[in-house]
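Notes follow the structure.
What follows is calculated from the coordinates using simple rules that are stated; it is not laboratory data. Note that this is a predicted model, so its numbers are computed, not measured. Glycine gets a Cβ as well: all are built from the backbone with ideal geometry, and neighbour counts include every protein chain shown.
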Amino acid sequence: MTTAKPASSSSQAGEFDLGALLAERGAERYELHTRHLNHQLPRMLHTIGFDKVYERAEGPYFWDADGNEYLDMLAGFGVMGLGRHHPVVRKALHDVLDAQLADLTRFDCQPLPGLLAEKLLAHSPHLDRVFFGNSGTEAVEGALKFARYATGKPRILYCDHAFHGLTTGALSVNGEDGFRDGFAPLLPDTALALGDLDALARELKKGDVAALVVEPIQGKGVHEAPPGYLRAAQELLHKHKALLILDEVQTGLGRTGDFYAYQHEDGVEPDLVCVAKALSGGYVPVGATLGKDWIFKKVYSSMDRVLVHSASFGSNAQAMAAGLAVLSVMENEQVVAGARATGEQLKSRLTALIDKYELLADVRGRGLMIGIEFGRPKSLKLRSRWTMLQAARKGLFAQMVVVPLLQRHRILTQVSGDHMEVIKLIPPLVIGEREVDRFVDAFTDVMDDAHSGGGLMWDFGKTLIKQAVANR
């Protein structure tokens with residue numbers, strides 16, 4: 001005979017009490033994850049000392065259980081464009097819940113999706129219609145389907161090192177083998193080097209290409225499309241009756257100092273654009289595929305095809321309210337202009353450090369999407385240590401920088417991609433001079449330690465080498 005597990009205090013009270021549940025079980029967070037979710041995540045976090053317990057968050061800051069303040073330069077991989085718990089977005093969500101709308105009946109037309117589409121399209125010249133899903137991956141999946149149906153062609157071109165999502169269709173245009181390995185067969189596709197117009201022309205001549213999907217600035221490594229590439233690619237694609245899909249899931253909604261990253265280049269008029277992440281306000285997942293009128297009318301060509309591409313939770317009231325509130329805040333608080341100005345300040349101050357530190361190779365990006373790349377030093381002592389790290393696993397030095405930024409300076413950042421010596425900064429777009437000062441001061445301290453010939457960084461590097469060798 002089995003004995004039932006005692007009910008929690010929240011259930012004993014007769015109704016669900018989230019606060020009581022978190023108070024009772026919140027300390028088990030890492031154990032729960034190890035037992036029931038991805039067991040490698042807590043293991044990895046413990047190994048690099050990232051197994052923190054964050055209790056609350058606001059704007060670009062977290063606080064741990066001891067009340068220590070952390071600066072967020074990661075923004076939930078770009079989701080928290082307005083920072084956490086923006087009061088306007090919170091109020092919109094309270095309001096929409098209190099309205100008790102007849103949501104997701106599936107056989108009516110609610111006003112919020114139309115209003116959000118109208119507002120989003122006002123920032124999107126040359127685009128006419130919107131499909132709402134639940135994530136960036138879904139936005140990409142929709143664009144791939146729309147392109148194949150509209151052109152009648154099967155093949156999708158993408159770029160080396162691209163990241164467009166991890167579902168099967170999006171994975172087919174993912175330029176990192178580590179994500180693709182073991183999941184074949186995928187869709188028919190071909191990878192090109194970012195900026196290689198000759199390779200694009202060769203593939204288009206085969207006559208079976210539906211579209212090229214490209215990030216205007218690649219998230220992996222923060223590599224920007226060369227000047228003029230997007231417009232020239234667009235011309236080539238249209239000449240061969242193929243489409244240009246721009247993935248703005250991470251770069252869109254002000255991240256690069258314009259509403260979309262493609263708007264930094266004159267004459268670019270994509271056929272399909274994918275957005276998500278920051279449109280959610282960090283609350284309710286939402287993704288959107290924006291496209292030209294003729295594409296949507298071809299996909300939804302008759303009443304029989306009205307549900308040929310749909311999503312059960314797409315256009316739900318909470319997501320639409322969050323999106324409307326986000327766009328309102330962006331306009332009223334001039335978020336895009338602020339991201340441009342703050343990004344230029346941060347990038348220029350970091351660029352000025354290149355001549356000072358031989359391990360610092362490059363600083364690149366636009367707006368508040370910045371890549372900091374490390375490279376082989378010139379001095380013999382540092383070069384030998386660099387070589388040792390590279391032999392164990394490329395990307396370890398960048399990890400050696402990320403860890404003390406968190407441990408010593410309480411600043412959260414990320415390595416830009418597997419086996420990359422690049423740190424990517426994608427902070428909330430609401431940061432200002434105070435946060436720039438804090439990051440640059442902390443980064444300078446870490447670089448001083450790295451160049452001292454000893455220090456805590458290199459001691460930690462030995463730990464990472466042992467871990468890298470053990471995982472081979």
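Using the beta-carbon distance between Ala122 and Lys91 and R0 = 25 Å, what value does 1/(1 + (r/R0)^6) give for FRET efficiency, to the nearest 0.05?
Details: r = 22 Å, r/R0 = 0.89.
Once rounded, the FRET efficiency stands at 0.65.
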- Asserting the computed 222 nm helical MRE of the chain (DSSP H runs at least 4 long, -39500 (n - 2.57) per run, divided by residue count, to nearest 500) equals -12500 deg cm²/dmol
- Query: What spacing in nm lies between the two simple spin-label points modelled at Leu41 and Gln345, each 7 Å away from Cα in the Cβ direction?
  - Reply: 3.4 nm
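Just want the ordering: Glu215, Glu31, from fewest to most Cβ atoms lying within 10 Å of their own Cβ.
Lowest count first: Glu31, Glu215.
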- Task: Jot down the per residue volume, in cubic angstrom and as a whole number, of the convex hull over the alpha-carbon atoms of the stretch 88-198.
- Result: 191 Å³
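Roughly speaking, what is the stretch gain from Glu24 to Thr387, that is 0.36 nm per residue apart minus the C-alpha to C-alpha distance, in nm to one decimal?
Roughly 125.8 nm would be gained on extension.
Could you work out the relative contact order of the stretch 276-373, using alpha carbon pairs under 8 angstrom and six or more residues apart, expressed as a whole percent? Write down the numbers at each step before the final one.
Values: 78 pairs, mean separation 20.4, N = 98.
Across the stretch 276-373, relative contact order equals 21 percent.
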- Task: Hey, can you grab everything whose amide H is under 5 Å from the amide H of His223? Only 5+ residues off in sequence or another chain; H modelled, so Pro and N-termini drop out.
- Result: Gln218
- Message: Quick check: Cα centre of the stretch 138-210 to Cα centre of the stretch 31-57, how many Å?
- Response: 34 Å
- Query: So what J values fall out for the stretch 337-352 if you push phi through Karplus, 6.51 cos²θ - 1.76 cosθ + 1.60 with θ = phi - 60°, rounded to Hz, Gly and Pro as x?
  - Reply: 4, x, 5, 5, 5, 5, x, 5, 5, 5, 5, 5, 5, 6, 4, 5
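Take His94, His451 and order them by how many other Cβ atoms sit within 10 Å, fewest up front.
Arranged by neighbour count, lowest to highest, His94, His451 become His94, His451.
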- Item | Which listed pairs, of Lys91/Lys347; Lys277/Lys297; Lys91/Lys145; Lys153/Lys277; Lys239/Lys347, have C-alpha distances above 32 Å, in listed order | Lys91/Lys347; Lys91/Lys145; Lys239/Lys347
- Answer with one residue from Pro113, Phe259, Tyr30: the one whose Cα lies farthest towards the positive end of the charge dipole of the chain, charges on Cβ with Lys, Arg +1 and Asp, Glu -1. Tyr30
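Sorting Thr137, Thr351 on the 10 Å Cβ count, fewest up front, what's the list? If you can, show how the numbers build up before the last one.
Values: Thr137 20, Thr351 15.
Ranked by crowding around the Cβ, least crowded first: Thr351, Thr137.
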